[in-house]
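Coordinate-derived values only; no laboratory data. The model shown is predicted, which means the values in this text are computed figures rather than measured ones. Neighbour counts are summed over all protein chains in view; Cβ atoms, including those assigned to glycine, are modelled from backbone coordinates with ideal geometry.
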Amino acid sequence: MIVGFENVGLSYDGETEILRDLNFSLGEGEFRFLTGPSGAGKTSLLKLVYLAHRPTRGRVILFGQDATAAEREALPALRRRIGVVFQEFRLLDHLTAFENVALPMKVAGVNQNQYREDVRELLNWVGLGDRMHARPPTLSGGEKQRVALARALVTKPDLILADEPTGNVDPVMGEKIMRLFIELNKLGAAVIVATHDLQLISALGKPTIALENGRLIEETAPAVAGARR
Ligand SMILES: Nc1ncnc2c1ncn2[C@@H]1O[C@H](COP(=O)(O)OP(=O)(O)OP(=O)(O)O)[C@@H](O)[C@H]1O
Ligand SMILES: [Mg+2]
């Protein structure tokens, strides 16, 4: 099992649980869309998966290990196997697009000769070949989003988490990005994509889980008409 939630609850204030009784599992090579209205807790759920938050109750299993019981020292090794596309990008403004994408490899101590081409290729693929040396403050929202996407993929993670990865790009780029996730999933990565984009979800026909009032509802086909109101 790549990700497992067992009766997970999360409260930010110690009183109200914004997520409760979450049970769900993601096996090797599986794909899930995660949907739900703004404020439903999609980002919070992803934070539990990449261990930025600990649940207030229940267990989170990651790569077959109980992450809630794991020693603090064991967490970085688990996190390194995850690529995250953050909703708010989290790029470093003083680094170029190239340097931002290369950063996870640099931090892992890999020699630049071993990743330079991969970084270039990824940036070309997301259409930023000519903006490689630009810094984030000079990029558009969609361009920043694509840098964040390339950075999440550069380490070839076993688990990819993407939080609204198409929120700032046009529909053509949005579909291209979603198809990339599906391609990476075919190559073996487990993938969770949080998105509001119900049209893309229904076009791609992948299993979807939805958050509603703090709980998870497993669905196979999203109810596009009902949810769009
Ligand atoms: N760090 C935090 N401290 C306190 N409350 C928080 C924190 N982060 C999120 N919340 C609250 O938890 C709820 C869920 O937020 P979350 O960001 O997970 O929703 P979301 O589904 O990702 O929304 P969106 O679609 O707008 O991105 C919201 O009510 C939000 O205000
Ligand atoms: Mg969010």
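Go through the range 100-119 and give me each residue that's buried (at least 17 other Cβ atoms within 10 Å of the Cβ) and out of contact with any helix residue (DSSP H, G or I) (no Cβ under 6 Å at 6 or more places or on another chain).
Keep residues of the range 100-119 that are buried (at least 17 other Cβ atoms within 10 Å of the Cβ), which gives 100-102, 104-105, 115, 118-119.
Of everything in the range 100-119, those that are buried (at least 17 other Cβ atoms within 10 Å of the Cβ) and out of contact with any helix residue (DSSP H, G or I) (no Cβ under 6 Å at 6 or more places or on another chain) turn out to be Pro104, Asp118.
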Odd one out for Ala134, checked against (1) over 29 Å from Leu45 (Cβ atoms); (2) touching a residue at least 40 places away in the same chain (Cβ under 8 Å); (3) in contact with a helix residue (DSSP H, G or I) (Cβ under 8 Å, 6 or more places away or on another chain): (2)
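Any chance you could count how many residues in the range 138-149 are surrounded by 24 or more Cβ atoms within 10 Å (Cβ to Cβ) and not β-branched (Val, Ile, Thr)? Write out each step before concluding.
To start, the set of residues in the range 138-149 that are surrounded by 24 or more Cβ atoms within 10 Å (Cβ to Cβ) comprises 145-149.
Still in the running and not β-branched (Val, Ile, Thr): 145-146, 148-149.
The number of residues fulfilling the criteria is 4.
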Per the filter on the range 55-73, residues farther than 15 Å from Val3 by Cβ and loosely packed, with under 12 Cβ neighbours inside 10 Å are Ala69, Glu71, Arg72, Glu73
Pick from the range 62-114 the residues that are assigned to a strand (DSSP E or B) and in contact (Cβ under 8 Å) with a residue 24 or more places away in the chain: which of them is nearest to Pro165 (Cα to Cα)? Val85
For the range 185-202, enumerate the residues that are among the aliphatic types (A, V, I, L, M), more than 13 Å from the chain's Cα centre (by Cα) and outside any loop (DSSP other than H, G, I, E, B). Leu198, Leu200, Ile201
Condition check: within 21 Å of Ile217 (Cβ to Cβ), within 10 Å of ligand 1 (Cβ to nearest atom), among the hydrophobic types (A, V, I, L, M, F, W, C) and free of Cβ contacts under 8 Å to residues at least 60 places away in the same chain. Does Leu19 satisfy that? no
So which residues in the range 5-39 are within 16 Å of ligand 2 (Cβ to nearest atom) and of a type in the set (S, T, N, Q), if there are any at all? Thr35, Ser38
Out of the residues in the range 40-60 that are more than 7 Å from ligand 1 (Cβ to nearest atom) and among the small types (Gly, Ala, Ser), state the one that is farthest from Arg90 (Cα to Cα). Gly58
